Amino acid sequence: MAPKSGTRRPPSRSPEGKVRAKLKGKRLRRGQADERIPAILEAAAAEFIEQGFLSTRMEDIAARLGVSKPIIYRHFKSKHALLQAVLDKQLNAPFDALMEHVRNYAGPLKPLLRAIIARADPNRVMADAAMPLFRLILSEGFRVPDFADRFFTKNLRPINEALQVLFRRAMAEGKMRNADPDFAARELFAPYFHSALIDAIMAPTTEAGWNRTEYMNHALESFCRSYEIAE
């Protein structure tokens, strides 16, 4: 339940509490506007994770930082825009790095696929603050679908399209069985999504015996055998 407006929060030793103590009472001077944005995003992420999107209020975020609500609105026109900025900051960078790796790769296909699966490991992609936000997308996605749509459109679709280009080239060179490249790209990532969902939904009580690395390596080997991709 979100705290009532005006209620003072107890002192916190969390990073957000340190930020709040650091910023409290400081006036926003001209030329310093951008300096508060990282702190606002950090505080907003904590509120969204704790309260959920619908229950979080802009005044809650302002209270966490020890600033007035108009300061938040000075940077972000709505709660919707603020959450989108949080998701972009926390979730886009790892996928941007993965996309850059795919675009610049010029070697054999199977080592690239192995590197993609390793880089896409949820524990590697999802930093400490990112996995709870991924869970937030899953839980709030049906009520606010554009957040999930943007995540898939901005992060996953470009990787799918880049893989299609690589698959078409490999098929033309006889290094991969002829097939629908879009379907092949989706099939490659299907085990990854399954693995990510297990971590997002069941963590920290993941089922006993679950070995993600072994599972993903086995899935990749099965994919390469099915599409006749050699080492």
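Rule-based calculations on the coordinates, nothing more; no lab input. Keep in mind the model is a prediction, meaning the values are calculated, not measured. Don't worry about glycine lacking a Cβ; one is built from the backbone with ideal geometry, like all the others, and counts go over all protein chains shown.
Here are some notes:
- Counting other Cβ atoms within 10 Å as a rough exposure proxy, the listed residues GLU47, GLU42, GLU161 run GLU161, GLU42, GLU47 from fewest neighbours to most.
- Based on the Kirkwood approach, the hydrodynamic radius assigned to the range 45-185 is 17.2 Å, with every pair of different Cα atoms included.
- Sorted by Cβ neighbour density within 10 Å, fewest at the top, the residues VAL102, VAL165: VAL165, VAL102
- Annotation: the residues LEU133, LEU138, sorted from fewest to most other C-beta atoms within 10 Å of their own C-beta, follow the order LEU138, LEU133.
- Label point distance in nm, GLN51-THR153, each placed 7 Å from Cα along Cα→Cβ: 2.7
- Net charge, ARG225 excluded, C-beta distance under 12 Å - Lys, Arg +1, Asp, Glu -1: -1
- Estimated D of the range 71-121 in µm² per second, where Rh is the Kirkwood radius over Cα pairs and Stokes-Einstein applies at 10 °C, 1.306 mPa s: 121
- 13 Å beta-carbon shell around ASN178, net charge (K/R +1, D/E -1): +1
- Within-11-Å neighbourhood charge of SER55 [Cβ basis; K, R +1; D, E -1]: -2
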